[in-house]
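Before any comments, here is the structure.
Just so it is clear, none of the values below were taken in a lab; they were calculated from the coordinates. Keep in mind the model is a prediction, meaning the values are calculated, not measured. Positions of Cβ are backbone-derived with ideal geometry, glycine not excepted, and every protein chain shown enters the neighbour counts.
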Amino acid sequence: MFNNKFLMAAILIGIFVSMGDKFAFMPKPVQKASYDSRVFLVSLWPSWLKPKTSVYDRTDKAIDETNNPKTNP
């Protein structure tokens, strides 16, 4: 019985943290608490695991090269 209650609480907490600020029927302080919880959990992620470069650098460079092709003499 304890496992079912714990599992249900974990699922509800996960939904609240991940999407609670998106629900319009919730009051603003509850939406802010959801957002703040998510920001806090993300800040716990170690900095050495975060990407050091922008994930869109290669795409941006390819778009720039397509829009402004370099001419070779």
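Cβ-Cβ contacts under 9 Å between residues 6 or more apart (or on different chains), taken from a first residue in region 27-45 that is under 14 Å from Ile15 (Cβ atoms) to a second residue that is in a loop (DSSP other than H, G, I, E, B), are listed as Val30/Phe23; Gln31/Phe23; Gln31/Ala24; Ser34/Phe23; Ser34/Met26.
Looking only at residues in region 1-49 that are of a type in the set (Gly, Ala, Ser) and surrounded by 10 or more Cβ atoms within 10 Å (Cβ to Cβ), the one that is farthest from the chain's Cα centre (by Cα) is Ala9.
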